[in-house]
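Please read the structure below before turning to the comments.
Read-outs: derived from the displayed coordinates by stated rules, not from any lab. The structure displayed is predicted, hence computed values, not measured ones. Cβ atoms come from the backbone with ideal geometry, glycine included; neighbour counts cover every protein chain shown.
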Amino acid sequence: MSLQIKSIFSENSKQWNVYLDGEIDVYTAEKLKTELNKLISEKKEAIQIHGENLQYIDSTGLGVLIGIYKQICEEEKHIIVKNIKPSIKKLFVITGLDKVFKIVE
Amino acid sequence: MEKEMDTIKLSIPNKPEYVSVIRLTLASVASRMGFDVEKVDDIKVAVAEACTNAITHGANDEEGNFEVEFIVYKEKIDILVYDKGKGFIANDIEQPSISNLKEGGLGVFIIKSLMDQVEFIQNKEKGTITKMTKYVGDEL
């Protein structure tokens, strides 16, 4: 499996912490989509993506995040993306998604 | 003066699990050519976007293969992705804005942002060729 996902809800910060390990592309994006949809159907709260072990993402993964964001932003919840590699951050900047999601170190 | 180039051709099944194989092959070719790490990352994303398009929009025949070619020059690489289907609409190239966020359509925009030259060539009735070029050095 080239993508592992671990999700934990934090009662303190009222958000989902999602730890990604591996690559998100056309093959693994569906797995991410299923998991994130499952989380927000349980609790429609903010999602913090932990990207320290995320090796690769492209438009297939970005598209999943956009789709999830559209569902939670109606409740004024956001997506935070933390600790991503510079090459991945670059993709968020090029696409303008750094203005939609919160990118943090 | 003869233009020296090497051509590498891959024939890949129309299956998502192989896109990462193409990325890795391309990364190894690009590193060999002397591209720096940032450019190798750019090229990996661009080729994956083009292959994703070929698989999701292009393939008529799920059991078949699509072709990818790397043409290695001294100063640049040309990457050609051949999709066999009806092709895809290559006009969606504006930067997404918050008000018109789309889940699809980012791929072409990303390819154009990361590569130095991009062409979409209609291959008669047989589909589309996505041709992407990246220069090793910083001249444009």
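Before moving on, here are some points about what is shown:
- Residue B:135-residue B:24 FRET efficiency (beta carbon distance; Förster radius 35 Å; 0.05 resolution): 0.95
- Contact order for chain A, expressed relative to its length and based on alpha carbon pairs under 8 Å spaced 6+ residues apart, stands at 25 percent.
- Residue-by-residue Karplus 3J(HN,Hα) for the range A:24-41, coefficients 6.51, -1.76, 1.60, Hz, glycine and proline x: 10, 9, 4, 7, 9, 4, 4, 5, 5, 4, 4, 5, 5, 5, 4, 4, 6, 6
- Global geometry of chain A, whether rounded, prolate or oblate, following the gyration tensor of its Cα atoms and the 1.5 cut on a/c: rounded
- Structural descriptor for the range B:1-60: relative contact order 40 percent, calculated from alpha carbon pairs under 8 angstrom and at least 6 residues apart.
- Pairwise centroid distance, computed over Cα atoms, of the range B:41-57 with the range B:103-139, Å: 9 Å
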